[in-house]
Every structure is written in C-alpha cells, then in structure tokens.
Amino acid sequence: MADENNFVAVVVAIEDETAIRSLLARLHDAWARGDGAAYAQCFAEQSDYITFNGMHLRSRAENSAVHSALFRGVLKDTGLSVEIESIVLLSSNIALVHTAGSERKRSYQTYVLVKSGGDWLIRSFRNTRVQPLSVKITRWAQRCADRR
C-alpha cells in the first residue's frame, strides 16, 4: 500500500510540475506579445508583485494596468527570460518556484504559487537584481566573520 501511495504522490507531483511550467510559459508568452491583461491572468486576483526597484502591485487588476502601460512604453518589444531553477511543492496547493533572469540583467525571481480550482496561479512574486558590489561586500563580511 505504501508503494502505491508513493506512486500516486509522484504522479501528482509530475502533473503539478507540468502545470506550473505551463503557467510560466504562458507568463513568458504574454510578455512577448506585450499583453498586460494576459500577463496578469497568470496571477491570483489578490496577489503581491514586487519589482526589482521595490514597486509593490497588490492585485491582478493593478498588475494588468501597470504592465499594459509598460508594454506600450519602456518594455515595448522586450523579452522575459524564465529559467526555472527549482520547483518545490510545499503542499498539495502551494508551490515555491525560483527562476533566473537573463545573463545580461542578472536577476532572480521568487514565486509563491497557489492551486485554486485545479489551476495554478501566482500569489506572490519578487524580482531581485544581483548587485555586484553588494555581493562582494557580503562575501568580504562573511570571510571576516569566518576568521573570528
């Protein structure tokens, strides 16, 4: 019986991972089309979206409005790089996803996804740019602490 339960859990995990990858592909495609409404549809109605510069969007509607304007302006004809580094199912309806952005932009993203009505949606998103000087200072501070 335990082996049968493990098999079921693995199948569910594979189905969830496939659905999560599909969600992120839809996110990528909406960005490529410059479609702010389709981009925002990947998010839960109430969601947190924190940009690399600290802007905090708090709903699908706000996300749609802001991205629609950005896609008409500074983000027109840009691309979104979504290199999945990890997908961790925290429960049957919550997942944690880490992605890396383009090599040129050097950024990392953290997503918290929720499964509602059988569909995965992004509940929380945070984009963090790698700051080379900050990384060097942190490494230096860690080496100093390790010497003590």
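The values are calculated or read from the model by the stated rules, or taken from the named source; none is laboratory data. Only a predicted model underlies this, so the values are computations on that prediction, with no experimental measurement involved. So basically every Cβ, Gly included, is an ideal-geometry build from the backbone, and we count neighbours across all protein chains shown.
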Check: Of (1) out of contact with any strand residue (DSSP E or B) (no Cβ under 9 Å at 6 or more places or on another chain); (2) more than 20 Å from residue 19 (Cα to Cα); (3) not aliphatic (A, V, I, L, M), residue 106 satisfies all except one. Which?
Finding: (1)
Notebook entry, point to check: Quick one: which of 122, 84, 137 is surrounded by 10 or more Cβ atoms within 10 Å (Cβ to Cβ), out of contact with any helix residue (DSSP H, G or I) (no Cβ under 6 Å at 6 or more places or on another chain) and farther than 22 Å from residue 15 by Cα?
Noted result: 137
Next item on the list: Mind listing just one residue for me: the one in the range 22-80 that is at pLDDT below 95, surrounded by fewer than 14 Cβ atoms within 10 Å (Cβ to Cβ) and among the polar types (S, T, N, Q) and, of those, nearest to residue 129 (Cα to Cα)?
Entry: 53
Next item on the list: Please go through the range 44-90 and pick out each residue that is closer than 20 Å to residue 107 by Cα, touching a residue at least 60 places away in the same chain (Cβ under 8 Å) and not charged (D, E, K, R).
Entry: 49, 50, 51, 52, 84, 87
Note to self: Can you confirm whether residue 114 is in a strand (DSSP E or B), modelled with pLDDT under 95 and more than 30 Å from residue 133 (Cβ to Cβ)?
What the structure shows: no
Check: Considering the range 36-71 alone, what residues qualify as being farther than 15 Å from residue 112 by Cβ, small (Gly, Ala, Ser) and in contact with a Lys or Arg (Cβ under 8 Å, 6 or more places away or on another chain)?
Finding: 38, 40
